[in-house]
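Right, one structure below, let's go through it.
The values are calculated or read from the model by the stated rules, or taken from the named source; none is laboratory data. Here the structure is a predicted model, which is why all the values come from computation and not from measurement. All Cβ positions, even for glycine, are placed from backbone atoms using ideal geometry, and neighbour counts span all protein chains on display. Each accessible area value is taken on the protein alone, full model and side chains, heavy atoms only, with ligands, DNA and RNA left out. Shrake-Rupley method; radii C 1.70, N 1.55, O 1.52, S 1.80 Å.
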Amino acid sequence: MATMGSLIGLVNRIQRACTVLGDHGGGAGGEGSLWEALPSVAVVGGQSSGKSSVLESIVGRDFLPRGSGIVTRRPLVLQLHKTDGGHEYAEFLHAPRKRFTDFAAVRKEIADETDRITGKTKAISNVPIHLSIYSPHVVNLTLIDLPGLTKVAVEGQAESIVQDIENMVRSYVDKPNCIILAISPANQDIATSDAIKLARDVDPSGDRTFGVLTKLDLMDKGTNAVDVLEGRQYRLQHPWVGIVNRSQADINKNVDMLSARRKEKEYFESSPEYGHLAHKMGAEYLAKLLSQHLEAVIRAKIPSIIAMINKTNDEIEAQLDKLGRPIGGDAGAQLYTILDMCRAFDRVFKEHLDGGRPGGDRIYGVFDNQLPAALKKLPFDRHLSMQNVRKVISEADGYQPHLIAPEQGYRRLIDSSLSYFKGPAEASVDAVHLVLKELVRRSIAATEELKRFPTLQSDIAAAANESLERFREDGRKTVLRLVEMEASYLTVEFFRKLPTEPEKAADKNTPVSDRYQDNHLRRIGSNVSSYINMVCETLRNTIPKAIVHCQVKEAKRNLLNRFYAHVGSKELSAMLDEDPALMEKRDALVKRLELYKSARNEIDSVAWK
């Protein structure tokens, strides 16, 4: 089994590493954090209950600010590290490279750091101060000194101070892994103890609560606290511990804490009331008791701690996979990363086109709705009106009217009618082009791997849009060529199959020439309209085919071909300039992962050897 305190020492190191990495929140730790999973001891008591003196007795050093009213205005996370020898020193998390060997300077630093957040007021803050003390005279232990509970606000304090302090204290002691050190002065009725009242609320069974009675030497003559210390007046699962703090005279004389410990021991051993309890009294005994209990709690919680670490490791690994792993510095690794990003983008883009993701269906909407609607709106009724047919036929015949069929007139009417198809054809090309551009934008946004490289995103978008422009030009040329092909060679069989019915008899009052001409022109317009409708149906089918062939298929096959061809000549590292915020986030995750893996291995090795 691990030696006494070795697990606690390990927990202290892990908690400190968690704090450095920000793996904690308000209270003793963030929800689900490793900090929260590791037990610690919260020191709770009313103002002037002797909390600070108890902490100083445990540490064996005079290092906490003193004064009247509220002195502790920020939580102090105090980690004690037992050393084999050497000098005693302290370190603050906010000044990690500075060692304090003068504990009067530690007191001043705590006061200054408190004022840095709260100002020189009596306000409180839930931002903790983290202090580590390394000494051969301490046991491995993590203690959290919290602001003293109070019943009324005094001058200079907000009216909400009473509730604010209680809420802050509860944010620590509510946590199931928090051991409560409830400090109560012996010269007050235990029934009025703020610390015991709060501990009873959050820990009604008393499993997590250690009771401490201070100021035993200040009780009225003829009274004692034996009933409390022996658990008859208020019973806890753990034994009560009595403490005799330094007197004000001792403090004024700068009596050191080690001498105060000896005086405390002498007090209990010579006391007629407490002599039989002397072996279970005093700050030194309290420190060992807490250390033993903390060790036992940690050991009991090792399976759940390891399970939490494994779960968190899996979550961090998943986040790192999502953010992307660090890239090698050589050109080969950078080129591989760029090509891999391109393939990921291309895969998402094809999923949009093929229906795996939304958006590609808008291309079919162009063919099924937009193109037919545009063709239907073409002004053929006006273009093939009697008046326009007469005009075109007359102009085509020149000075000599046609003999049988107005060949030139037919061709001019058909040719001018077919030119109307160019507008809907080009509009369809442009509409599909816009859909493809939107799909490029969506695909870049949806490619998780690309989010870490803003410059590469821009380069891929530019290359893809440049390709789409080429595909659009090819599509435009092709659909216009389809229209021109229809105008270049008319389907002769269509006209040969037209019925050649004789002209119907005209009204006897209508001149013969006018009657013949109107019917003749009406039939010409009808024939041309039928031919145009036939061509319209053909183009309605062939324009989508041409667009898909020239734009959609090419986008699927060759969207980034030119980019691939020239990527080797570009500055690869410049393309892989990651978002600084994302890099910072990944670095923090990597450090957390290293911490958690190291913690798991150390806990395993220390717990079971």
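Give all pairs with beta carbons closer than 8 Å in which a residue from segment 39-51 that is at pLDDT 90 or above meets a residue that is open to solvent by 10 Å² or more (accessible area, probe 1.4 Å) and assigned to a strand (DSSP E or B); count only pairs at least 6 apart in sequence or on separate chains.
From segment 39-51, the pairs are 44/149; 45/149.
Return a yes/no flag: does segment 542-560 have any residue that is closer than 30 Å to residue 418 by Cα, free of Cβ contacts under 8 Å to residues at least 60 places away in the same chain and not β-branched (Val, Ile, Thr).
Looking through segment 542-560, at least one residue is closer than 30 Å to residue 418 by Cα, free of Cβ contacts under 8 Å to residues at least 60 places away in the same chain and not β-branched (Val, Ile, Thr).
Given the criterion among the hydrophobic types (A, V, I, L, M, F, W, C), crowded, with 17+ Cβ neighbours inside 10 Å and in a loop (DSSP other than H, G, I, E, B), identify the matching residue among 110, 70, 144, 133.
70
Which of the numbered conditions does residue 96 fail, given that it passes all the others? Conditions: (1) assigned to a strand (DSSP E or B); (2) modelled with pLDDT of 85 or more.
It fails just one condition, (2).
Is it fair to say residue 141 is modelled with pLDDT of 90 or more and closer than 26 Å to residue 245 by Cα?
So residue 141 does not fit the description; no.
Can you run down the residue pairs with Cβ atoms below 7 Å, 6 or more apart or on separate chains, where the first is in segment 370-382 and within 23 Å of residue 434 (Cα to Cα) and the partner is open to solvent by 40 Å² or more (accessible area, probe 1.4 Å) and among the aliphatic types (A, V, I, L, M)?
So the pair list comes out as 374/427.
Answer yes or no as to whether residue 121 is under 27 Å from residue 193 (Cβ atoms) and either not in a strand (DSSP E or B) or not aliphatic (A, V, I, L, M) (or both).
No; evaluated as a whole, the condition is false for this residue.
Based on this model, can you work out whether residue 60 counts as open to solvent by less than 30 Å² (accessible area, probe 1.4 Å), in contact (Cβ under 8 Å) with a residue 12 or more places away in the chain and at positive phi?
For residue 60, the condition - open to solvent by less than 30 Å² (accessible area, probe 1.4 Å), in contact (Cβ under 8 Å) with a residue 12 or more places away in the chain and at positive phi - is met.
Can you tell me which of 56, 88 is touching a Ser or Thr at 6+ places or on another chain (Cβ under 8 Å) and among the acidic types (Asp, Glu)?
88
Which of the residues belonging to segment 303-328 are touching a residue at least 60 places away in the same chain (Cβ under 8 Å) and either closer than 30 Å to residue 563 by Cα or touching a Ser or Thr at 6+ places or on another chain (Cβ under 6 Å) (or both)?
319, 320, 322, 323, 324, 326, 327
Do the conditions hold for residue 301, that is, is it in contact with a helix residue (DSSP H, G or I) (Cβ under 8 Å, 6 or more places away or on another chain), open to solvent by 30 Å² or more (accessible area, probe 1.4 Å) and under 19 Å from residue 214 (Cβ atoms)?
Considered against the rule, which asks whether it is in contact with a helix residue (DSSP H, G or I) (Cβ under 8 Å, 6 or more places away or on another chain), open to solvent by 30 Å² or more (accessible area, probe 1.4 Å) and under 19 Å from residue 214 (Cβ atoms), residue 301 comes out as no.
Assuming residue 569 fulfils every condition listed in (1) at pLDDT 95 or above; (2) of a type outside the set (D, E, K, R); (3) open to solvent by 60 Å² or more (accessible area, probe 1.4 Å) apart from one, which condition is it?
If we test residue 569 against (1) at pLDDT 95 or above; (2) of a type outside the set (D, E, K, R); (3) open to solvent by 60 Å² or more (accessible area, probe 1.4 Å), just (1) comes out false.
Identify all residues within segment 83-107 that are buried (at least 20 other Cβ atoms within 10 Å of the Cβ) and farther than 28 Å from residue 46 by Cα; write none if there are none.
100
Out of the residues in segment 226-251 that are touching a residue at least 40 places away in the same chain (Cβ under 8 Å) and aliphatic (A, V, I, L, M), which is farthest from residue 39 (Cα to Cα)?
Taking the candidates together, the pick is 251.
If only one of 309, 305, 327 is outside any helix (DSSP H, G or I), out of contact with any strand residue (DSSP E or B) (no Cβ under 7 Å at 6 or more places or on another chain) and of a type in the set (Val, Ile, Thr), which one is it?
327
For segment 85-110, which positions are touching a strand residue (DSSP E or B) at 6+ places or on another chain (Cβ under 8 Å) and of a type in the set (A, V, I, L, M, F, W, C)?
Residues satisfying the conditions are 90, 92, 93, 100, 103, 106, 110.
Considering only residues that are in contact with a helix residue (DSSP H, G or I) (Cβ under 6 Å, 6 or more places away or on another chain) and among the small types (Gly, Ala, Ser), look in segment 166-199 and name the one that is surrounded by the fewest Cβ atoms within 10 Å (Cβ to Cβ).
186
Out of the residues in segment 21-38 that are among the hydrophobic types (A, V, I, L, M, F, W, C) and modelled with pLDDT of 70 or more, which is farthest from residue 142 (Cα to Cα)?
My answer is 21.
Quick check on segment 489-524: of everything there that is modelled with pLDDT under 80 and either touching a Phe, Trp or Tyr at 6+ places or on another chain (Cβ under 7 Å) or among the hydroxyl-bearing types (Ser, Thr, Tyr) (or both), which residue is surrounded by the fewest Cβ atoms within 10 Å (Cβ to Cβ)?
500
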